[in-house]
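Here's the structure, in structure tokens; my notes come after.
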Amino acid sequence: MTPAAALRRIAFLLERAREPTHRVAAFRTAAAVVDALPEGELERRIATRTLTDLRGIGPKTGTAIVQAHAGEVPEYLARLEDAYAELVPLADDVAGFRAALRGDLHTHSDWSDGGSPIREMAEAAIALGHEYMALTDHSPRLTVANGLTAERLERQLDVVAALNEELAPFRLLTGIECDINTDGSLDQTDELLGRLDVVVASVHSDLRAESAAMTERMLAAVENPHTDVLGHCTGRLLIPREQREGRRQRPRPESAFDAEAVFSACVEHGTAVEINSRPERLDPPLRLLSLAVELGCSFAVDTDAHAPGQLDWQSNGCERAVETGVDPDRVVNTWTADELLEWTAS
Ligand SMILES: [Zn+2]
Ligand SMILES: [Zn+2]
């Protein structure tokens, strides 16, 4: 096991054991630091005992790195594996869950802040065995992500229609990841939202708003008849992430909101709760995912991929779904495209 993989495994087990977020994040951050080291630097740091001089690596993570690098299972990891063995889902269950997924409902292309053309994303989805993929580029207000104006979205619909002719029987579904404005309205015209196959609604601004305001805002979006999926509901970022033009986003905690009220509204209004598979998001946290299961929510296991390779991240979400007892029949992207479209149209 590579040092970074060992650190991620530790983070995974700690989170699963409902350890405090900052302890989990420490291991994910350390894994990201190791990943970002230039060639040979890890060896040099270990040899000169200067690992902990790196920002983001402390005594505990440093020891785990040294042991993993020496080809051993880090002591700390071995202890966790032992303690939490009964909590670990069988790999077979996760693989089975992943195999039940027919598509992905949250993806980005280079029309907004993704890195690849629509066709490349679709071809990667086909290679993974997906039957469909919803293209959900950002909405106008998210200017940092090059959100699509109504005019550009109109043009994208034509491009998607042409691609569908070529790629059939694969179905490229039209969609949007629509910002939830601070007043709870959606950041695109009603007319366009009504024409799209899939609407993922997400909060991307004022993430530190107080709980009552955030709850109102999310409730309005969940109740909006156009909304099909509530995207990455807490907005948390577990590890720093690189953005376009060298910008770097720092980790951030979950937004505060009344999860019971929001998830209950999702059940009532037929809005699916997204299980976001991005490694820096893994949203909702297991604690909230369990609550959503208990309340009877439907789910969408999505990658939020911004590049073709990221379409493979769904197993992250499947692992969490298995862990919290999500029934695959309640996951809308296990349904056929026709069943799915019937649901989003209703
Ligand atoms: Zn988003
Ligand atoms: Zn997204």
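Does any residue of segment 284-298 turn out to be within 16 Å of ligand 2 (Cβ to nearest atom) and either surrounded by fewer than 18 Cβ atoms within 10 Å (Cβ to Cβ) or assigned to a strand (DSSP E or B) (or both)?
No.
Pairs needed: first member in segment 16-28, in a helix (DSSP H, G or I); second member anywhere, open to solvent by 20 Å² or more (accessible area, probe 1.4 Å) and among the hydroxyl-bearing types (S, T, Y); C-beta distance under 8 Å; at least 6 residues apart or different chains.
Here the result reads R16/Y84, each pair linking segment 16-28 to a residue that is open to solvent by 20 Å² or more (accessible area, probe 1.4 Å) and among the hydroxyl-bearing types (S, T, Y).
Restricting to segment 171-198, count the residues that are more than 16 Å from ligand 1 (Cβ to nearest atom) and open to solvent by less than 10 Å² (accessible area, probe 1.4 Å).
Count: 5.
For S290, only one of the following conditions fails: (1) farther than 23 Å from P225 by Cβ; (2) touching a residue at least 40 places away in the same chain (Cβ under 8 Å). What is its number?
Only one criterion is unmet by S290, namely (2).
Could you tell me which residue of segment 129-142 is farthest from ligand 1 (Cβ to nearest atom), considering only residues that are crowded, with 16+ Cβ neighbours inside 10 Å and more than 18 Å from V199 (Cβ to Cβ)?
E131
What number of residues within segment 199-217 satisfy the criterion of being within 14 Å of ligand 1 (Cβ to nearest atom) and crowded, with 22+ Cβ neighbours inside 10 Å?
Going through segment 199-217 one residue at a time, the tally reaches 5.
Please determine whether any residue of segment 68-77 is more than 22 Å from V301 (Cβ to Cβ), of a type in the set (F, W, Y) and either in contact (Cβ under 8 Å) with a residue 24 or more places away in the chain or not in a helix (DSSP H, G or I) (or both).
Applying the first criterion (more than 22 Å from V301 (Cβ to Cβ)) to segment 68-77 yields 68-77.
Okay, now just the ones that are also of a type in the set (F, W, Y), so 76.
Imposing the further condition that a residue be either in contact (Cβ under 8 Å) with a residue 24 or more places away in the chain or not in a helix (DSSP H, G or I) (or both) reduces the set to 76.
Yes: one or more hits.
Scan segment 299-315 residue by residue and report those that are crowded, with 21+ Cβ neighbours inside 10 Å and of a type in the set (S, T, N, Q).
Within segment 299-315, T303, Q310, Q314 meet the criteria.
Looking at segment 224-280, which of its residues are among the basic types (K, R), within 16 Å of ligand 1 (Cβ to nearest atom) and part of a loop (DSSP other than H, G, I, E, B)?
Within segment 224-280, R236, R247, R278 qualify.
Of all residues in segment 68-121, which are open to solvent by 50 Å² or more (accessible area, probe 1.4 Å) and among the β-branched types (V, I, T)?
Within segment 68-121, just V73 meets the criteria.
For segment 189-216, which positions are touching a strand residue (DSSP E or B) at 6+ places or on another chain (Cβ under 6 Å), among the β-branched types (V, I, T) and farther than 25 Å from D158 by Cα?
Listed by number, the list holds a single entry, V203.
In segment 63-110, what count of residues is obtained for those that are among the aromatic types (F, W, Y) and either at pLDDT below 90 or within 16 Å of ligand 2 (Cβ to nearest atom) (or both)?
Residues that pass the stated criteria total 1.
Which condition does A305 not pass, out of (1) in contact (Cβ under 8 Å) with a residue 24 or more places away in the chain; (2) away from ligand 1 (no atom under 15 Å from the Cβ), if it passes all the others?
Evaluating A305 over (1) in contact (Cβ under 8 Å) with a residue 24 or more places away in the chain; (2) away from ligand 1 (no atom under 15 Å from the Cβ) leaves (2) as the failure.
With the requirement that a residue be at pLDDT 95 or above, of a type in the set (A, V, I, L, M) and surrounded by 15 or more Cβ atoms within 10 Å (Cβ to Cβ), what does segment 143-156 give you?
L148, L153
Can you tell me which residue in segment 324-342 is surrounded by the most Cβ atoms within 10 Å (Cβ to Cβ), limited to those that are among the aliphatic types (A, V, I, L, M) and outside any helix (DSSP H, G or I)?
That would be V326.
The values are calculated or read from the model by the stated rules, or taken from the named source; none is laboratory data. The shown structure was predicted, so the numbers you read here are calculated from the model rather than taken from an experiment. Positions of Cβ are backbone-derived with ideal geometry, glycine not excepted, and every protein chain shown enters the neighbour counts. To get the accessible areas, we keep the full protein, side chains included, count just its heavy atoms, and leave off ligands, DNA and RNA. Shrake-Rupley method; radii C 1.70, N 1.55, O 1.52, S 1.80 Å.
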